[in-house]
Amino acid sequence: MEKLKYALFRFMYKRNGFDDLSRAILSWTLVLCVISLFVRNSIFNAIVLAILTYNMFRVFSKNISARRKENEKFLYFLKPYAIQYQQRKTHVVFRCKNCGQIIRVPKGKGKIDITCPKCRTIITKRT
Ligand SMILES: [Zn+2]
């Protein structure tokens, strides 16, 4: 058992491994696998298999810097949604379309003009 552990450790050395993006892809594909049990469509199954193959490619990839960039892009995309989920009862969270700054405004204020604190762009939004 110890030998197997060591072999696995050596195999994964200098490889990307599981990051946030690959864990997210894996959980989505698990959901898709359950759906595919009921759908029974070969194209759908091929797509699920392709996504899983891509995920395995990412996990075993030795180009760590490229995989890290993909993961950072994913986290950048996900961040406002994560904050929105945490504060869903009190705030509306979105990203400025001009500069990408995350902006958080209180909920239930109606249609308001919001000035981006970073680039001073005025955004009209219903909260
Ligand atoms: Zn801005």
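The values are calculated or read from the model by the stated rules, or taken from the named source; none is laboratory data. As the structure is a prediction and not an experimental result, all values here were calculated from the model. So basically every Cβ, Gly included, is an ideal-geometry build from the backbone, and we count neighbours across all protein chains shown. The protein model used for the area step is the full one, side chains on, heavy atoms only, and it has no ligands, DNA or RNA in it. Shrake-Rupley method; radii C 1.70, N 1.55, O 1.52, S 1.80 Å.
Descriptive notes on the structure:
- For the stretch 1-69, the Cα gyration tensor yields ellipsoid semi-axes of 27, 15, 10 Å (square root of five times each eigenvalue, largest first, whole Å).
- When only alpha carbons are used to place a centre, the stretch 1-33 and the stretch 46-74 end up 11 Å from one another.
- Equivalent ellipsoid dimensions for the chain as semi-axes, Å, which come from the Cα gyration tensor, largest first: 39, 21, 13
- Under a model in which nothing but the beta-carbon of Lys, Arg (+1) and Asp, Glu (-1) is charged, the chain shows a dipole of about 460 debye around its Cα centre.
- Rounded tilt (10° steps) of 42-60 against the dominant C-alpha axis of the chain: 90 degrees
- Net dipole in debye of the stretch 81-127 [+1 Lys, Arg Cβ; -1 Asp, Glu Cβ; about Cα centre; nearest 20]: 100 debye
- When only alpha carbons of the stretch 79-121 are considered, Rg and Dmax amount to 10.4, 27 Å.
- Over 22 Å apart at the Cα level, from the set Lys79/Lys125; Lys14/Lys69; Lys69/Lys107; Lys89/Lys109; Lys97/Lys125, are Lys69/Lys107.
- Measuring nothing but protein heavy atoms, the accessible surface of the chain at 1.4 Å probe radius is 62 percent carbon and sulfur.
- Among 95-103, 62-70, 37-45, sorting by the average number of other beta carbon atoms lying within 10 angstrom of each residue, highest first, gives 95-103, 62-70, 37-45.
- Cα-only Debye scattering, the stretch 55-126: base-10 log of I(q)/I(0) at q = 0.19, 0.24, 0.25 Å⁻¹: -0.80, -1.06, -1.11
- Placing unit charges on each Cβ (+1 for Lys and Arg, -1 for Asp and Glu) gives the chain a dipole about its Cα centre, and among Tyr54, Tyr13, Tyr85 the Cα reaching farthest toward its positive end belongs to Tyr85.
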